[in-house]
Amino acid sequence: MLPKSESLSPLPQRLEHDLEELARIRDPESGGWTRTMFSEPYRASREWIRSRMVEAGLDVHVDGAGNIVGVLAGRRPGAPSLVTGSHTDTVESGGRFDGAVGVLGALEMVRQLNEHDVRLERDLLVVDFLGEESNDFGLSCLGSRALAGELVAADLDRHDHEGRRLGDRYSAFGLDPAGVLGAVWSRSRPLHGYVELHVEQGPLLEERGAPIGVVTAIAGIERLLATFAGRPDHAGTMPMGDRRDALVAAAEAVLAVRREGCGAPVHGVATTSRLISEPGSANVVPATVRMHAEMRSVDTAWLSSATRRLADEIRAKAEGYGVDVDVQWSTDNVSVPASGEVHEVVSGAADALGIAWEAVPSGATHDAVHMARLCPMGMIFVPSRGGRSHCPDEWTELEHIVTGVQVLAATVLDMDRRTR
Ligand code: GLV
Ligand code: MN
Ligand code: MN
């Protein structure tokens with residue numbers, strides 16, 4: 001007989017302790033909390049996570065793609081498994097909660113299950129996915145992407161801005177690149193469902209006064225690389241009207257990116273993150289600029305029309321300044337809806353616990369995008385103070401994290417019993 005999910009009460013002190021311990025492992029040279037993919041602090045934090053998983057009673061291994069997988073064996077060994085988890089890498093100078101809450105919250109849930117002698121029917125896999133955050137290789141969610149079979153051999157030949165090859169970075173981190181490509185789960189393992197607990201990273205829950213968000217869909221991401229080719233000239237002598245200034249054309253493009261983001265009817269955002277201007281001398285008119293930007297939306301139709309409109313506007317503006325521009329878009333991930341069934345289970349779990357919830361879209365991307373290729377997927381959000389994230393000020397109240405773990409546990413118990 002399974003206990004009521006209400007009796008599984010995550011311990012705030014234990015969660016707080018784990019969050020604090022993990023937060024200690026960070027790059028001392030960078031601001032905020034920095035554990036970027038393949039870095040030494042990330043390696044150290046993964047060792048710590050691994051040992052915490054073992055202490056929580058999980059059977060732990062690192063798969064070919066570098067994901068740390070802790071298995072809580074169920075009663076029925078052949079039954080399709082349940083999966084939960086998140087990530088423990090961070091952006092440069094990020095916060096303490098993005099990703100960490102989903103991994104450490106899942107561990108607290110496992111401890112609760114074990115302490116209450118609750119045996120699930122199916123195996124529960126708790127995963128710390130490798131390298132979720134965006135990186136210089138232009139691919140986020142490397143670990144879950146590999147599991148879903150979305151990482152291909154050509155991706156290993158991608159290079160970062162220092163000219164390092166992704167395949168070589170895997171090797172230096174102790175992962176065989178062939179093993180990374182071979183780590184696809186769908187071939188070997190039937191899955192019952194995936195549910196991820198995460199901080200919202202936006203302001204909606206706080207604005208609406210709801211402690212829980214049930215995710216409706218995760219935004220698609222289109223990344224832009226625009227290369228502007230103007231002409232280098234003497235900055236003191238070339239008359240203004242005769243210049244072909246690549247940086248001025250790029251500046252127009254930055255404003256066009258913002259305008260498109262502001263024009264989305266449902267949900268959409270657009271951000272320019274980097275301009276690299278050459279030659280970069282005070283007395284030379286900028287000759288070339290590389291501009292990196294992205295657009296995101298859960299509205300697929302808007303996203304594809306907005307990328308086309310933006311490309312046209314960038315070209316037209318550049319032409320006006322006598323600058324050539326090459327515009328390239330690449331899809332990081334397409335927008336993915338959450339499963340209706342998992343949505344129903346999560347919201348039903350919150351209702352049963354008497355916890356208010358709101359249906360919200362996710363503008364941030366998650367490993368859940370790729371897990372959705374393998375099984376029904378859902379996400380549980382907890383509020384982020386001031387909607388802030390990817391910065392040292394990122395904060396989520398412990399009480400909200402505890403509530404999130406309660407809803408996660410109730411969701412897992414309900415999904416475990418369901419057959420399909
Ligand atoms: C990851 O947090 C992303 O949304 O890029
Ligand atoms: Mn995250
Ligand atoms: Mn993030």
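Assorted remarks:
- Options VAL91, VAL60, VAL152: the member that is free of Cβ contacts under 8 Å to residues at least 24 places away in the same chain, among the β-branched types (Val, Ile, Thr) and either open to solvent by 10 Å² or more (accessible area, probe 1.4 Å) or within 16 Å of ligand 1 (Cβ to nearest atom) (or both): VAL60
- Close pairs from the range 361-387: first farther than 20 Å from GLY131 by Cβ and away from ligand 1 (no atom under 15 Å from the Cβ), partner open to solvent by 20 Å² or more (accessible area, probe 1.4 Å) and of a type in the set (Phe, Trp, Tyr), Cβ under 7 Å, at least 6 apart: ARG385/TRP395
- Taken together, GLY241, GLY220 contain a single residue that is open to solvent by 60 Å² or more (accessible area, probe 1.4 Å), more than 16 Å from ligand 2 (Cβ to nearest atom) and not β-branched (Val, Ile, Thr), which is GLY241.
- Hey, ILE314 away from ligand 1 (no atom under 15 Å from the Cβ) and closer than 25 Å to CYS141 by Cβ or not: no
- Of all residues in the range 366-385 being within 16 Å of ligand 3 (Cβ to nearest atom) and among the small types (Gly, Ala, Ser), the one that is nearest to the chain's Cα centre (by Cα): ALA368
- Out of GLU115, GLU47, GLU121, GLU108, sole residue that is open to solvent by less than 10 Å² (accessible area, probe 1.4 Å), more than 16 Å from ligand 3 (Cβ to nearest atom) and charged (D, E, K, R): GLU108
- Residue satisfying condition, being open to solvent by 10 Å² or more (accessible area, probe 1.4 Å) and either closer than 17 Å to LEU15 by Cβ or away from ligand 3 (no atom under 16 Å from the Cβ) (or both), within set ASP160, ASP136: ASP160
- Checked against (1) surrounded by fewer than 20 Cβ atoms within 10 Å (Cβ to Cβ); (2) β-branched (Val, Ile, Thr); (3) part of a strand (DSSP E or B), VAL360 passes all but a single condition, namely (1).
- For PRO337, the conditions (1) in contact (Cβ under 8 Å) with a residue 40 or more places away in the chain; (2) closer than 27 Å to PHE228 by Cα; (3) not small (Gly, Ala, Ser) all hold with the exception of (2).
- Note on the range 165-251: enclosed strands (runs of 3 or more DSSP E) holding 1 or more residues that are over 21 Å from ASP367 (Cα atoms) are 220-229.
- The sole residue among VAL254, VAL346 that is assigned to a helix (DSSP H, G or I) and under 30 Å from GLY404 (Cβ atoms) is VAL346.
- Hits in the range 386-420 (condition: of a type in the set (S, T, N, Q) and under 19 Å from the mean Cα position of the chain (by Cα)): SER389, THR396
- Test result for SER51, under 24 Å from the mean Cα position of the chain (by Cα) and in contact (Cβ under 8 Å) with a residue 12 or more places away in the chain: no
The values are calculated or read from the model by the stated rules, or taken from the named source; none is laboratory data. Fair warning: this is a prediction, and the values are worked out from it, not measured in the lab. Ideal geometry is used to build each Cβ from the backbone, glycine not excepted, and the neighbour counts take in all protein chains shown. The area values use the complete protein model at the heavy-atom level, side chains included, leaving out ligands, DNA and RNA. Shrake-Rupley method; radii C 1.70, N 1.55, O 1.52, S 1.80 Å.
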